[in-house]
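Trainee: Before anything else, here's the structure in question.
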Amino acid sequence: MKQLRHVIFVCLILTVILSACATPTPVVVVVTATSAPPTETPAPEPTATLVPVPLSGPQNGTTMKWVEGSTLVYIPSSEFVMGNGGFDAPIRTVALDGFWMYETKVTNRMYAQCVAVGNCTAPTAELGGPVYSNPQYANHPVVGVTWDQSQAYCGWAQGQLPTEAQWEKAARGTGGNVYPWGNDSPACDFLNMSFCSGRTSEVDAFPDGVSPYGLFDMAGNLFEWVNDWYGETYYSGAPVSNPTGPDSGQYRSIRGSSFESDFDQVESAMRHFGAQAYHSRDLGFRCAVTEPLFFAPYCQTAAYIPSGVIVSNGCELPQTSVAGQYCAAGNSFATVALPDGAVYDVSKELECEEAVVDGQRLLTCRGPQAREATNEITVCNPTCSNSPDVTGASPTCDPGYTLDAAAGSCNYAPIESQVGVSGCPVGYVLADNGGQQSCVIGTNTSGECPAGLYFDSLAARCVAPTGLANLPYGINDSALAAQSYSGCPSGFSYNDTFQCCQAVTGGTYPGCSPGYTFNAELGACSPGELRLAGPGCVTLDVTTLQCSQPVDTCAPIQDETRCIHNPFCFWKEQGGCQVR
């Protein structure tokens with residue numbers, strides 16, 4: 001008993017000593033926006049990414065890659081001078097709210113994606129116009145589309161056709177320029193007009209003719225549908241703020257000019273009109289987006305070669321190009337510029353003759369009749385002997401994606417936002433969110449934000465057009481993703497597990513952006529470049545147009561021998577003699 005009392009006494013002394021020496025138990029104070037009753041389950045600690053970040057917002061000329069591979073350009077709110085004093089275009093000052101405008105006309109590749117997901121109908125094949133499904137014309141503007149087809153595409157891309165006022169401001173700027181590039185007289189260096197090339201051109205082919213906001217082809221190449229009904233006297237008394245055209249009418253307005261327009265028909269203020277169901281080989285469109293949504297990223301995108309990569313074969317390649325295509329007397333011709341000393345090989349479907357015109361070697365080739373055809377011409381430098389070598393051309397992906405080299409695609413792979421020992425991964429930047437540092441999505445190797453984001457100068461990071469700077473894009477945070485994204489474009493569904501938009505129709509994802517072509521050898525989109533075809537050689541894809549309706553001259557031939565000796569026919573056992 002005495003020993004027991006001794007033990008108890010020692011324990012009491014130790015308890016007093018430890019109480020005096022130990023760190024006091026802290027009092028935890030949780031500060032929330034609104035106080036919660038003590039009986040409620042405590043709210044989770046606010047995520048650092050939800051702290052507001054000051055933004056400058058999109059500025060004049062800010063660009064943003066958009067959902068189907070296009071590029072949007074921001075045109076800020078301001079007044080501008082509209083009209084040229086014509087009978088239907090009085091000169092007046094008009095005020096417009098800010099909006100985003102497509103940098104280029106809608107291309108065949110972009111339109112084909114809308115068709116593939118079931119939101120658009122195929123355009124009409126136009127005589128003398130490119131076939132939108134021909135890869136050779138993927139970067140050309142789509143033609144053969146009505147007003148309704150154009151509007152349906154823009155609606156699928158979360159926009160609409162621009163109003164006449166929006167289109168004219170985007171073309172002329174605020175100071176009333178006569179042409180997109182200023183007031184200098186039109187020339188073939190500025191735009192594709194008056195048969196400078198004889199047909200449509202790629203949508204970014206005339207950088208010297210861009211508008212004050214950097215938009216391509218606001219004059220030349222193709223006319224463009226706009227949203228308004230046409231009213232000859234509408235602008236004499238139209239609202240001075242955000243005019244949208246008459247409430248109804250017989251015709252829809254058309255703006256711009258085309259590759260067939262004369263020099264005196266390309267002023268930006270000139271107005272045109274056409275029936276809503278009208279379509280033509282020189283009429284296309286572009287879209288305007290007033291309130292871009294913040295869509296989730298695609299689960300898969302195309303790999304690409306960063307801009308500025310040089311492709312060479314170690315020796316001087318011949319400087320050659322397709323100079324033009326045209327129709328004459330129902331026949332289709334293409335011309336190829338040849339350098340001195342070069343040798344060439346021509347596809348058997350082309351009939352070519354060489355001549356020297358103003359000191360330039362030209363190869364003029366006639367293609368198959370009554371159909372569009374693409375054939376190869378290989379031009380070589382005979383002094384080269386070393387094999388082609390692609391230098392520095394390695395496919396890459398936007399931040400937030402990993403490369404599947406075998407498939408030539410990029411798969412969405414978000415990361416944790418916590419900063420690692422070595423900092424943030426490549427393509428991410430370190431951001432201060434309310435005193436806590438985390439990794440956020442950055443620009444790609446070409447200095448661009450991923451699709452649906454723009455670079456905000458004040459926040460110094462990629463942000464959403466909705467004003468959201470604390471993005472789940474590229475970050476593995478399913479809860480933040482669920483409350484941030486506005487869903488997916490039509491034709492895609494949101495995958496909660498992977499936090500991205502998954503194709504629901506045919507596995508169709510956006511292809512190459514305007515200015516890029518798919519390089520099968522590299523398995524990636526690459527800046528427009530000539531394909532190497534051997535030591536010191538370049539292979540050109542030469543497309544000849546459909547310049548007349550097909551006439552079947554093969555069907556009347558009943559004899560197999562006569563049929564197979566006709567270069568335009570072939571023999572089919574079940575169908576007889578048929579056109580190639």
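The values are calculated or read from the model by the stated rules, or taken from the named source; none is laboratory data. The structure displayed is predicted, hence computed values, not measured ones. Cβ atoms come from the backbone with ideal geometry, glycine included; neighbour counts cover every protein chain shown. When the accessible area is computed, the model is the full protein with side chains, heavy atoms only, and any ligands, DNA or RNA have been set aside. Shrake-Rupley method; radii C 1.70, N 1.55, O 1.52, S 1.80 Å.
Trainee: Provide a single number: the residues in the range 434-446 that are under 32 Å from the mean Cα position of the chain (by Cα) and open to solvent by less than 90 Å² (accessible area, probe 1.4 Å).
Mentor: Residues flagged as under 32 Å from the mean Cα position of the chain (by Cα) and open to solvent by less than 90 Å² (accessible area, probe 1.4 Å) within the range 434-446 amount to 8.
Trainee: Still on this structure, I have one more. Filter the range 268-289 down to the residues that are closer than 22 Å to Met82 by Cα, touching a Gly at 6+ places or on another chain (Cβ under 9 Å) and assigned to a loop (DSSP other than H, G, I, E, B) and list them by number.
Mentor: Across the range 268-289, the qualifying residues are Ser268, Ala269, Met270, Cys287.
Trainee: Scan the range 66-99 for residues that are over 22 Å from Tyr179 (Cβ atoms), outside any loop (DSSP other than H, G, I, E, B) and either open to solvent by less than 10 Å² (accessible area, probe 1.4 Å) or without any contact (Cβ under 8 Å) to a residue 40 or more places away in the chain (or both) and jot them down.
Mentor: Leu72 - this is the single residue of the range 66-99 that is over 22 Å from Tyr179 (Cβ atoms), outside any loop (DSSP other than H, G, I, E, B) and either open to solvent by less than 10 Å² (accessible area, probe 1.4 Å) or without any contact (Cβ under 8 Å) to a residue 40 or more places away in the chain (or both).
Trainee: Also, quick follow-up: May I ask you to list the residues in the range 133-162 that are open to solvent by less than 10 Å² (accessible area, probe 1.4 Å) and touching a strand residue (DSSP E or B) at 6+ places or on another chain (Cβ under 6 Å)?
Mentor: Within the range 133-162, Asn139, Pro141, Val142, Val143, Ser150, Cys154, Leu161, Pro162 qualify.
Trainee: Any idea which residue in the range 100-132 is farthest from Thr466 (Cα to Cα), counting only those that are open to solvent by 30 Å² or more (accessible area, probe 1.4 Å) and touching a helix residue (DSSP H, G or I) at 6+ places or on another chain (Cβ under 8 Å)?
Mentor: Per the criteria, the residue is Val131.
Trainee: While we're looking at this one, here's another question. Restrict the check to the range 501-521 and report whether at least one residue is in contact (Cβ under 8 Å) with a residue 24 or more places away in the chain and over 30 Å from Gln136 (Cβ atoms).
Mentor: The answer is yes, given that some residue of the range 501-521 is in contact (Cβ under 8 Å) with a residue 24 or more places away in the chain and over 30 Å from Gln136 (Cβ atoms).
Trainee: A further question follows. Any residue at all in the range 414-428 that is of a type in the set (Ser, Thr, Tyr), exposed (fewer than 13 other Cβ atoms within 10 Å of the Cβ), over 24 Å from Gln113 (Cα atoms) and at pLDDT 85 or above?
Mentor: The answer is no, given that none of the residues of the range 414-428 is of a type in the set (Ser, Thr, Tyr), exposed (fewer than 13 other Cβ atoms within 10 Å of the Cβ), over 24 Å from Gln113 (Cα atoms) and at pLDDT 85 or above.
Trainee: Also, I was wondering about something else. Please find, within the range 456-499, the residue that is farthest from Pro292 (Cα to Cα) out of those that are in contact with an Asp or Glu (Cβ under 8 Å, 6 or more places away or on another chain) and assigned to a strand (DSSP E or B).
Mentor: Applying the filter and picking the extreme gives Ile475.
Trainee: Just checking, how many residues over the range 453-470 are of a type outside the set (D, E, K, R), in contact with a Phe, Trp or Tyr (Cβ under 8 Å, 6 or more places away or on another chain) and open to solvent by 10 Å² or more (accessible area, probe 1.4 Å)?
Mentor: 3
Trainee: Taking the stated definitions as given, is Phe295 open to solvent by less than 60 Å² (accessible area, probe 1.4 Å), in contact (Cβ under 8 Å) with a residue 12 or more places away in the chain and in contact with a Pro (Cβ under 9 Å, 6 or more places away or on another chain)?
Mentor: Yes: the conditions hold for Phe295.
Trainee: Can Ala170 be described as in contact (Cβ under 8 Å) with a residue 60 or more places away in the chain and within 29 Å of Leu127 (Cβ to Cβ)?
Mentor: When the stated conditions are applied, Ala170 does not pass them.
Trainee: Within the range 202-226, how many residues are touching a strand residue (DSSP E or B) at 6+ places or on another chain (Cβ under 8 Å) and surrounded by fewer than 24 Cβ atoms within 10 Å (Cβ to Cβ)?
Mentor: Count: 4.
Trainee: Of all residues being within 18 Å of Gln369 (Cβ to Cβ) and open to solvent by 90 Å² or more (accessible area, probe 1.4 Å) in the range 557-580, which is modelled with the lowest pLDDT? Just the residue, please.
Mentor: The selected residue is Pro567.
Trainee: Now for a separate question. Arg371 versus (1) touching a strand residue (DSSP E or B) at 6+ places or on another chain (Cβ under 6 Å); (2) open to solvent by 40 Å² or more (accessible area, probe 1.4 Å): which is the lone unmet condition?
Mentor: That leaves (1) as the condition not met.
Trainee: Restricting to the range 259-279, name every residue that is modelled with pLDDT of 95 or more and either of a type in the set (Lys, Arg) or open to solvent by less than 70 Å² (accessible area, probe 1.4 Å) (or both).
Mentor: Once the filter is applied, which keeps residues that are modelled with pLDDT of 95 or more and either of a type in the set (Lys, Arg) or open to solvent by less than 70 Å² (accessible area, probe 1.4 Å) (or both), the range 259-279 yields Val266, Glu267, Ser268, Ala269, Met270, Arg271, His272, Gly274, Ala275, Gln276, His279.
Trainee: Which of the residues belonging to the range 319-340 are of a type in the set (Gly, Ala, Ser), open to solvent by 30 Å² or more (accessible area, probe 1.4 Å) and modelled with pLDDT of 85 or more?
Mentor: Ser321
Trainee: While we're looking at this one, here's another question. Within the range 381-390, can one find any residue that is at pLDDT 90 or above, within 27 Å of the chain's Cα centre (by Cα) and open to solvent by 40 Å² or more (accessible area, probe 1.4 Å)?
Mentor: no
Trainee: Residue check: is Ser261 under 25 Å from the mean Cα position of the chain (by Cα), assigned to a loop (DSSP other than H, G, I, E, B) and of a type in the set (Ser, Thr, Tyr)?
Mentor: So Ser261 does not fit the description; no.
Trainee: Inspect the range 190-211 for any residue being at pLDDT 95 or above and at positive phi and give the result as yes or no.
Mentor: For the range 190-211, residues at pLDDT 95 or above and at positive phi: absent.
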